[in-house]
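The values are calculated or read from the model by the stated rules, or taken from the named source; none is laboratory data. Remember, it's a predicted structure, so these values are computed and weren't measured experimentally. Cβ sites come from the backbone with ideal geometry, for glycine too, and all protein chains shown count toward neighbours.
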Amino acid sequence: MDSYNRGYKASINISGNNIGNASILIDSFVLKKSDGSRVDEPVGFYAVAYSYGSGTIISYREADALCGDEGALG
């Protein structure tokens, strides 16, 4: 559920980069086209990866549009 509470259009605002002992590594904000525009937001996708112990946990919310709708990924 954390992916619904971070990034663009978050349900509630969460501050900080940790949830307990898990810390944010990267989120889908880094997914960009060559012109610098975001790829995730136009299709309603958001993901965040956390470091937890010796592993990685990925939290994501599903895309609202199919890849290719409105030329989001094209």
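Residue by residue, here is whether (1) aromatic (Phe, Trp, Tyr); (2) at pLDDT below 85; (3) at negative phi holds:
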| position | (1), (2), (3) |
| --- | --- |
| Ser15 | no, yes, yes |
| Asn18 | no, yes, yes |
| Leu31 | no, no, yes |
| Ser37 | no, no, yes |
| Ala47 | no, no, yes |
| Ser51 | no, no, yes |
| Gly55 | no, no, yes |
| Gly68 | no, yes, no |
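Cβ separations smaller than 8 Å between residues 6+ apart or across chains give the following pairs from segment 20-40 residues that are outside any strand (DSSP E or B) to residues that are charged (D, E, K, R): Ser28/Asp40; Phe29/Arg38; Phe29/Asp40; Leu31/Arg38; Leu31/Asp40; Val39/Lys32; Val39/Lys33.
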